[in-house]
Every structure is written in C-alpha cells, then in structure tokens.
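The values are calculated or read from the model by the stated rules, or taken from the named source; none is laboratory data. All values derive from a computational prediction rather than experimental measurement. Cβ atoms come from the backbone with ideal geometry, glycine included; neighbour counts cover every protein chain shown. Accessible surface areas use protein heavy atoms only, side chains included; no ligands, DNA or RNA. Shrake-Rupley method; radii C 1.70, N 1.55, O 1.52, S 1.80 Å.
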Amino acid sequence: MSADVSATPPAGVASRRAADVTTRLLGTSRRRVVLILALVAVAIFFSVANDDQFQIVNVTMIYAIAVLGLNVLSGYAGQISLGIAFFMGIGAYTATWLGGTPPTSPRAPVGLGLPFWIWLPAAGIVAALLGALIGPTALRLKGFYLGIVSLALVVIGVQIFKNAAFLTGGNSGRGMLPPAFGDTPINQQNDLFGIALSAGQQFFLVIAPILALAALFVANVMRTRAGRAFQAVRDHEVGAAIMGVNLFEAKMGAFILSSFLAGISGALFASYNVHVDPNTWDLTLSIAFVAAIIIGGIASVWGSLLGAIFVFALPKVLDVYSLVPATGIAGLPSGDVNTVIYGLLIIVFLLFEPAGFVGLIRRGRLLALRMSERNRKGGEPTPAAAGADPGGDAEIERTRLTAGSDA
Amino acid sequence: MATRTALTARVISAFAILGVLLAGCASNTGGGGGTIKTGPGVDASTKTITLGILTPLSGPVAAPIGIPLTHGIETYFKAVNANGGINGWQVKLVEKDTKYSPQDAVTAYNEIHNQVAMLGESLGTPPTVAIKDLAASDHMLVSAATLASSLAREKYLILVGTPYRLQVENAFDYIVNKLGDKSPKTGLIYQNDEYGQDGQTGYKEAVAAYGLKDVGQAAFAATDTTFTAQVAQMKAGGAKYVFLTTTPVATAGIIATGHALGYDPQWILQSPAFATALVAKQSPVAPLVSRAWVVSQGASWGDTSKPGMAQLLQDVQKYAPDQQPDGFFEFGYTEAKVTQAIIAKAISNNDLSRDGLFNAFESLKNVDLGGLLPPLNYGSSPDERVPSRDNTVYAIDPTQPTSVRDLSGDFTGSAAQASKF
Amino acid sequence: MAFFFQIFLAGIAAGCIYALVALGFTIIFKSSGVINFAQGELLLLGAYLVSAGVSQWHLNFFLALFIAIAITVAIAVAFERFALRRMIGRPAFSVLMLTIGLDTLLLTAVIAIWPDVLYAPAAPYSTTAGFDVGGVHITINDIWTIIVTGILCAALYAFFRYTRYGLAMRAAALDQEAALAVGINVGLVNTFSWAIAAAIATIGGFFLAAHLSGVNPGLGVIALVAFPAIILGGIDSVLGAVVGGLIIGIVQQLTAGYENTALIHLFGQSFTLTDKLGPSFDAIAPYLVMLVVLLIRPYGLFGKRKVERI
C-alpha cells in the first residue's frame, strides 16, 4: 500500500499517518481496495484540479469537519441542535485572537500572531470548554426544546460577536492570517521541497489530513463503549439508563466532541477566508449543517462527508458549471433557479430516501449482494456473503435503529 | 496557476478572434504596444482587460439594486468597447452572483480572482467588507458600490462618491447654515449594522459641529416588527428633524408609524433609505414620504445640461433601450467611468499589472465624470481616498423621473470638509 | 408615563402578531408533533397575496384576503397530504428539514413573482391613522390587531372545546393510536391543523405588513422571534402560545423603548443598556427571557411535563 501511495507525496503524508490508526477499521480486503482507489482518486485530483475546483473542495472539507461534529451530537447521540454555528464562531474567534495580525492601531482588534499549530487546536479546545460549560444547562432539555435553546445560542452569539469589537472587529468583521510555512503564508504560490504549489493545493494539504483524522476519530469513538452509549441514549434514553449508561456523561461527551470539531472547522474557515464577519455564524449556517447530516446519512461518518458535498459543494457546482442558462428560466435569475432545484432536491431526497445517501449506497450494495446470491445457484443461506464483510451486520442493524428512532 | 476552466478558455478564445479583428483597426490608436507590463486578467496579445463584477443577481436585492446597477456598468463598457475601447484595449466583464451574502461573495471572489485585473464592482457593504482582506493580499483593486466610510481606510477599495457619514453632516449643514435653523432638536434612527454605524458616526460629528440638540439615537434590528419604540423616543424628545440611516423597507414603517402616532417631523433619508417604490401610487405612505428629504449626489436623470447625463441617455438608447430611469443604473454607469479612468491612466503608464493599476488609482486626480458627479480626486491617505465631500439635499417628488427634486444645490458643509477618516 | 403606556400598547399589538405566528406553530405541533419551519414563509406569501389582490388585481380587500387564505391553505394542505404524510414515523429532525425545504421554495417563489423592494400593504382601514387618549396615541392598526387576535383566539378556543373536529384534534394530540382506535381520522386531523395554521399565518401576515406599511421579503423572519414565544408558553399549549406571544412583544418593545435612554445606576456608574451591551439589545431580549423561563420550568409556562415510560 505504501508503495502505491509514495508516488503521490502530498496525499502520502496524510495516509501514512492515517494508516496506523486505520488498521482496525480495515478488516477486509475489499475495504483496502476501496481505500487505495480513493487515495489514487485524491492524488489525481490534487495534481490536475484548477483553482475553482480547489476552492469548492477545500471549503467543503472545512464544512465537513463541522458536519461530522453535528452528526456526533444529533446523529449518534440524538440530541437536536441548531447551535453548531455558534461553536464554529467561537473557534473562529479563538483562532483570530491567537493567530490574527497584532493590532497596528488602537482601534484594531486583538491578535497575537501565533502560528497555525497553536491556534488550530486551541480553537477546538476553547469551543469544547464552552460546550462543557453550556452543556449541563442545555442538556436538561429534550427534543425541540433543546433545538430552540440552541437556536437562542446562535441568536445571542451573533449579538455578542457584533458588539465585542475588541476581538471581532464589530460589524465590519476582522482579518485573519492564513497558515504559513515558515514566513510565507499558504494563500500564495509557494515552493515546497522544490515543487511549486498553488494556494489551493497548499490549503488542501492542510485541510484534508485534518478532515481525515477527524473522520477516523469519530468512526473509532463510535466503536467504543462511549460511542455505543451515545447511540443507546438516542435510541431509548430510559432504556439506556437502566442498562447502566450514565445519560449525563454520554450527552456531555457528545456535546463536547461536537463543539470541538465545530471549533476546528470555524478556525479553518476564518483562516481560509482571511476574514471573519460576525453575521456568518447565524441560523442559516446551522440549518445547512442539519440538512447535511440528514441528506448524507444520520449516524454515519461517510454520510457526513457525502452530506457536506451535497449541501456545500453541489450549489457551487451548479453555479460554476451552470447547468442552468445564465439568463435564467422564465424570468427567474439562474441563481434563484439553482435555489429552487436545490430545495426540490432536498424534499425529494427526504421523501424517497429516509437514510440519506448512505442509505442509498447500502441499498445498492444489498441489491448487488442479493443478485450475486441468486446467480450462485446453491439454496443454502448466506453466511458466506455476510461473513465477507463483518461490518455489514452492524451497519444494517444501525440503519434499522436510525430509521426507527424518534430523535 | 495557468490552468483555467474549459469554459473560461472558450470565452477567451472567442475573444481572441474578436481581438484580432479589433486589434487591426485599433493598432494605430493603441498606447504603449508591446512594452506594456501586464498581470492577471490582462491579455496583451488580444488587448483585452478582464474585470470582475461581484453583484447580487438573484435573491431579494437583485431586482431592485443589483441588476440595474450592473446594467449601468455593462452599458458603459459596451459603449466604450464599441468606440475602440480604452486606448485600443477591450474590456471584458466576468460577473458572479453574490446573492448579497458575504459568504457567497468570498466564494465568488476566490473563483475569479486569478482571471481578473481588478473588480469593477463589489456591491453592498457586507459582501465588500468580507472580501477586502482577500483583495488586499492579492493587491486587487475593488470598486465598491457602497459608500461606507470604512472603505476609505482600506488600501485597495475605491469609493465612488461622498461617504454616508458625510451625507449626514451635509444634511445638517443645510438645516443650520442654509435654512438658518440654529440648534434645532434632532434625532437619528439607524439600523444596527456597519451602514447604520457609519450614519451614527456622521450624526455624532454633526451634533458636535453644529450644536444640535440631540434627543436620541435609536437602533433597530432586522427582525424588528414594529418601530413604535424608536419613533416614540423621537416624539417624546420633540425632535424636529429626524435622520434615517435605514433601508426603504424600514423607512416606510418608520414614517408611517410616526404619522399614526401623530408625529410628522422633517424626515431626512440617507441615500440608500429611499427607493421609488416608496412613492408608488398605491402606497399608503407615498403622501407621507413625499414630504421627506433625501441626501444624495449627482445629476438628475434626464438633466441633459450635464454632458455626462446626455451621454448616458444616448448610451441607454443604444445599448439598453428597455432601461427605466434608475438611480442605481446611474451609479453603476458612473462607477464604470472611474474604473475606465484608472485603466486609461495605467495604460498611459505602460503598466497594467495589479500594482500598476493600484498606482494609477492612487495618483488619479480630477476625474471628469461629465457632471454625473463632481470631479473626483484620489490619493494615498485615508483622507485623500474620500473622493468627494459634497452632497445635494433633494425633496422627494414623485412627478420627477427619479422621484427627487434638487433643493439645496451641490455643496460641501463645514463639518464634512473638516471630517477626518 | 405616557411614553411607558405608548410602548406598552405597541408591545401588546406586536405581541398579538407573535401570538398569531405562535398559534400556527402550536396547532401543527399538537396534532402531528412537527415544528413547521415554513410558518414564516406561509405568512410572507399570505401578506404578498393580500397586497397583490388589492393593488395589482384591484379586488375588494375582503375578497383578496379570502383568496389569499384559500391559496396558502391549499399549499399547506397539499404539502401535508403529499409530502408530510410520507414522513410518518421518521425522525423529527428529517421532518423539520422537509419544512425548511418548503420554506426555501416559498421564499424563492415570492421573490420571483414580486421582485420589487417593497409593495404597498392593503387594509380596509387607514393604517396610518390614530387618535389621542391622555397623551397616548392609539393607532387604528393596533386596535384592529388586538380585536382580531382576540376574536381568533376565542374562536379557536370554542372550536377545540365544542366542535367534533376540535375534539377529534385534541384527542389525536393526546394519543394518536387511541384516537385511531375510537374511529378518529388522524390523517384528516393533521390536514385540518395545517389548514388552520396557514389561515392564521395569512391573517398574521396582513397585520404585520400593515404595521410595517409595506410588504417585503423579510417579513418571514418574524417566525424566529415567535420561537421564544412558543417555548415560553409551552410548545403544546394554545393558551401558552398567546401568553408567550404577548410577553415577548411587551418585553421586546419595553427594551427597545428604554435601552438607550434609561440610565442604570450600578457600582457607582451610570450607563444605559446600549452603552454596555450594544445597540438593538431588544432583538435578543426575548431569547434571554425564554432561557430564564426554561431554566426554571423546562417545559414552559403552560406545557405539560411528559411522563417517561419504558
């Protein structure tokens, strides 16, 4: 495997590190093949994509980190939250405080100009701490009450962000620095080990490994006792409590992990855009994340990634590679046509595929499995087919639980 | 990165053909020729300069503001290109829809920043503020269709006209010095954002400079469903003049609420607070709004005594015959004239790189806009970047083509003259 | 003191509009357990239709209102029948997302049909008239808003208490399976609740437009402010929605009226709310009130505490 990857140095850095962590997850040869194919695809993309494409992919990856976070809280642990934008904002402002330009005039917002490797983890940690502080109060509430209290968090957060000018720059927002290799910020063309890399490529090299780590981390946590506790709480709170799950600990765990990932995502977001506007962290953003986990697939890492692509990349793809004529349709500007198409897609998807993209893929796989069984004439039951993929049972089980749960 | 999308490549190759044809007839008038320094968005072989346009083309801001303003820019450059271009250089526009959202503006900026020499338009304060740091790191000039004073402090942003802050000061100069109403009771209602804050800064300076008796400065939020609290404060303080740093939607609500509370002060509107929809025939607030004033700048639509307006009307007839009289169209057209001046100067300096365009902008003096706006001056310090400090107070008058009638004539008040940025 | 009463009255009028929006949420939630995020845009569509009916199609106001109600009700009912009905048994989150999808579509449609920045509101009375009572100016708008909201609430109360459909709706809200067992058509009940919510939204939209003297695409955001109202009152309580709406309206207006003038003396300093917390603090005051109430009563003022069974 390492031989395959070494041909593509950039992706190799990420994957070799990741490989150690993944061994337990990669039980089957088929999964290994899929992973290698995916890495090859990434490497090809990395070398041929243009700035437009990097723009879409990089931003989508940043959002995907927060989508994973929301999926931990709402998908795995079943706690409805519209507050993800607030924690992203906290991450973004922690990052700008630690990593922003030191002020040159008395009115400029604070900034310490510290390097990337300090402000990025700090952003996650501060968001997580705040999550730990708010959690005990918020998690007393259930269902929609929690949802709307988290909405209040977002509304109040925007008001704070707009007025805490010493940190946020007030209504006009503030600047932020991109990560830098040595002295050169990565939003400019750089020579790295003798290879000329565009801004888009360098950001990709920073963001992709972080997303990969986040995804692996979430996937692994969900296979531990803590992760199973999250899901037990979602499926039946009282039942979980009777089975010995500490409800408070499980919910808090999910809340803190989710806030941490949101914080990381917000920090990267600020740094990528080199500017943070206080109105960014509003309800619209939170709703987009909810859409992402539902469309991608609740309680699924792959679902989070697919959901992020659908919600954050697809509208841009529609805009850039305009399938709709630039003049619009029936007097409706093309931007609005895209919005309509997008709204309809969401509705159609929700109506016809309850388990999201992941459900669609699982269904496809199940179908393929049945077809291959039918072809293999033997009338015996199919332990062999299921045994080929030990993860399969658990996944089908999970689908059933998700579909039946009333979050 | 030299890679471009297939789409762009196709557009460029189409222009290359066009460029060959045009270069043939334009070569004798062309400036520097082969020695000119170029940068992103400048193709010396076809003599084409590409400008980015970030504007809302969909969503609620598109139809009333984004689309007419962008048509103004398009119309101006269509006329320029048809008349041989800028010293033989053709101008091409790449338009991107921002939906008036800062987030979409950032995405749109990142999509086009390698293809364009400068941004010929970035519409609205929030989207412009969102891209300003990106633009600065690219040394990209941005012509902003907003008059927020904070733009004057940004190196690469271009203001076209008198900032909001000075509009407020000039309005009160008119009341105190022209009408002779010394130390009147005044108030301000503003929306809680960057634009509103700019109005408030101007209002505070005006209170200090003209000895106004301030009865209160009331903010409102976008989610407010009634303006009684804000208007009642003005009424309780007995304000005779109330300035509104608002959008038309709130303007209607505030003026109507005032009347319903039996309170009809002299309302004075910041330029974006007014829209012709406010005085549409069916509107119940039309008779009330018609008693208000609006502070703005520039030639009235149809005033052919100004050569710039005469030219505008000619270009409209030729290239945008369906265009109705529209202040935003005029703004876009005027903005494009400034962009044209920058490019012309950069060509004469033989430097069309980003830094070349920037130097041309900083040394731009006395840009003649044919009376659409008074001649504008730019420079390198924030105070010099405020290109003009004059305004006109207009009475709102639905019988006029753009619904306003000149009241004060063009003037610069003492506070606006002295204001520091 | 006149100032206080002036603001207080405005708070009641605004509270009535919040109450109308909150009622729409509550009625749908009670019958089907769905939070309808499209409520704000149903209101928006209703406001545009009333306005267009009078000023573009030149109809009588009441005919225009009737047509507007008919159209919004038709959309709501179609949505319930053909979309929501398929979502029974699915996670609440997904259902919520579906209503957000409807919200997006409605907003885009409204902007496409009516592209101008604002349209004239229509009303059978003068929206800018008023009269003076002891220094407090009472507007005709406020009076009609309060009267009509009162009548609607009374009618809804009577409906739920005395009519067959109303009783069926309450039964379905209490226990869907039990309701089915005694022969109540739960599907019909859901459809009916959406129809009522859409009709109320249209009336709310008309009053909101009259208050703002203009119909504009931003009217739908009022739903956001109504959220604290429904939580405050208890999400499943009709009375709670009305009381919650009124509290939110009054709190918001009083905050807006005093935040930048009333001096607070604390720790030897004198300052206004705006000095310390920034302008437009009134925009978040409803949310803070809601948080405080939830800390004390996690199920709202009038909501019912659920008994958990295994």
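Observations
- Per the listing B:A341, B:A346, the residue uniquely open to solvent by 10 Å² or more (accessible area, probe 1.4 Å) and within 24 Å of B:A136 (Cβ to Cβ) is B:A341.
- For A:S304: the one exception among (1) crowded, with 24+ Cβ neighbours inside 10 Å; (2) within 14 Å of chain B (Cβ to nearest Cβ): (2)
- All of C:A256, C:A223 fail the test of being at pLDDT below 90 and open to solvent by less than 20 Å² (accessible area, probe 1.4 Å), apart from C:A223.
- Those residues of segment B:273-312 which are farther than 27 Å from B:I255 by Cβ, open to solvent by 50 Å² or more (accessible area, probe 1.4 Å) and not charged (D, E, K, R), in sequence order: B:T304, B:S305, B:P307, B:Q311
- The set of residues from segment A:226-260 being part of a helix (DSSP H, G or I), surrounded by fewer than 20 Cβ atoms within 10 Å (Cβ to Cβ) and within 14 Å of chain C (Cβ to nearest Cβ) comprises A:D235, A:E237, A:V238, A:G239, A:A241, A:I242, A:L247.
- Among the conditions (1) modelled with pLDDT under 80; (2) within 22 Å of A:P121 (Cα to Cα); (3) surrounded by fewer than 19 Cβ atoms within 10 Å (Cβ to Cβ), the only one that A:N187 does not satisfy is (3).
- Qualifying residues in segment A:346-363 (those that are open to solvent by 40 Å² or more (accessible area, probe 1.4 Å) and free of Cβ contacts under 8 Å to residues at least 24 places away in the same chain) - the one farthest from the other protein chains (Cβ to nearest Cβ): A:R363
- Any pair with Cβ under 6 angstrom, 6 or more apart, that starts in segment C:192-215 at a residue that is surrounded by fewer than 24 Cβ atoms within 10 Å (Cβ to Cβ) and ends at one that is assigned to a helix (DSSP H, G or I): C:A195/C:V73; C:A195/C:V77; C:I196/C:I27; C:A199/C:I69; C:A199/C:V73
- Scope segment A:94-108; condition open to solvent by 10 Å² or more (accessible area, probe 1.4 Å) and not polar (S, T, N, Q); matching residues: A:W97, A:L98, A:P102, A:P103, A:P106, A:R107, A:A108
- If the condition is being under 25 Å from C:T127 (Cα atoms) and of a type in the set (V, I, T), then segment C:33-76 contributes C:V50, C:V54, C:I67, C:I69, C:I71, C:T72.
- Segment A:278-324, residues that are of a type in the set (D, E, K, R) and over 24 Å from C:N36 (Cα atoms): A:K316, A:D319
- For segment B:261-272, a tally of residues being over 16 Å from B:R405 (Cα atoms) and buried (at least 23 other Cβ atoms within 10 Å of the Cβ) returns 2.
- Filter result for the condition that a residue is within 14 Å of chain C (Cβ to nearest Cβ), within 25 Å of the chain's Cα centre (by Cα), closer than 30 Å to C:P228 by Cα and touching a residue at least 12 places away in the same chain (Cβ under 8 Å), over A:G91, A:G143: A:G143
- Residues that are assigned to a loop (DSSP other than H, G, I, E, B) and in contact (Cβ under 8 Å) with a residue 24 or more places away in the chain, drawn from segment B:282-302: B:S283, B:P284, B:V285, B:S290, B:R291, B:A292, B:Q297, B:G298, B:A299, B:S300, B:W301, B:G302
- Selection from segment B:221-239 of residues that are more than 10 Å from C:A256 (Cα to Cα) and more than 7 Å from chain C (Cβ to nearest Cβ): B:V231, B:M234, B:K235, B:G237, B:G238, B:A239
- Scope segment C:108-149; condition at the interface with chain B (Cβ under 7 Å from one of its Cβ atoms), assigned to a helix (DSSP H, G or I) and among the β-branched types (V, I, T); matching residues: C:I111
- Subset of segment B:117-150 [in contact (Cβ under 8 Å) with a residue 60 or more places away in the chain and within 23 Å of B:A299 (Cβ to Cβ)]: B:G120, B:E121, B:L123, B:S143, B:A145, B:L147
- Considering B:I53, B:I67, the condition of being out of contact with any helix residue (DSSP H, G or I) (no Cβ under 7 Å at 6 or more places or on another chain), at pLDDT 55 or above and within 14 Å of chain A (Cβ to nearest Cβ) is satisfied by B:I67 alone.
- Of the helices (runs of 4 or more DSSP H) lying entirely inside segment C:191-310, those containing at least 3 residues that are within 11 Å of chain A (Cβ to nearest Cβ) span C:222-233, C:273-277, C:285-296.
- Within segment B:69-116, the set of residues being without any contact (Cβ under 8 Å) to a residue 60 or more places away in the chain, under 23 Å from B:N359 (Cα atoms) and open to solvent by less than 20 Å² (accessible area, probe 1.4 Å) comprises just one member, B:Y109.
- In segment B:333-356, the residues that are touching a residue at least 40 places away in the same chain (Cβ under 8 Å) and under 25 Å from B:I65 (Cβ atoms) form Cβ pairs under 6 Å with partners that are among the hydroxyl-bearing types (S, T, Y) and open to solvent by less than 10 Å² (accessible area, probe 1.4 Å), at six or more places apart or across chains, as follows: B:E335/B:S143; B:T339/B:S143.
- Among the candidates C:Y125, C:Y119, the residue that is surrounded by fewer than 18 Cβ atoms within 10 Å (Cβ to Cβ) and either touching a Lys or Arg at 6+ places or on another chain (Cβ under 8 Å) or under 30 Å from B:K281 (Cα atoms) (or both) is uniquely C:Y125.
- The residues listed here are B:V215, B:V249; of these, the one that is in a helix (DSSP H, G or I), open to solvent by 20 Å² or more (accessible area, probe 1.4 Å) and at pLDDT below 95 is B:V249.
- Test: A:F166 is part of a helix (DSSP H, G or I), without any contact (Cβ under 8 Å) to a residue 60 or more places away in the chain and within 14 Å of chain C (Cβ to nearest Cβ): yes
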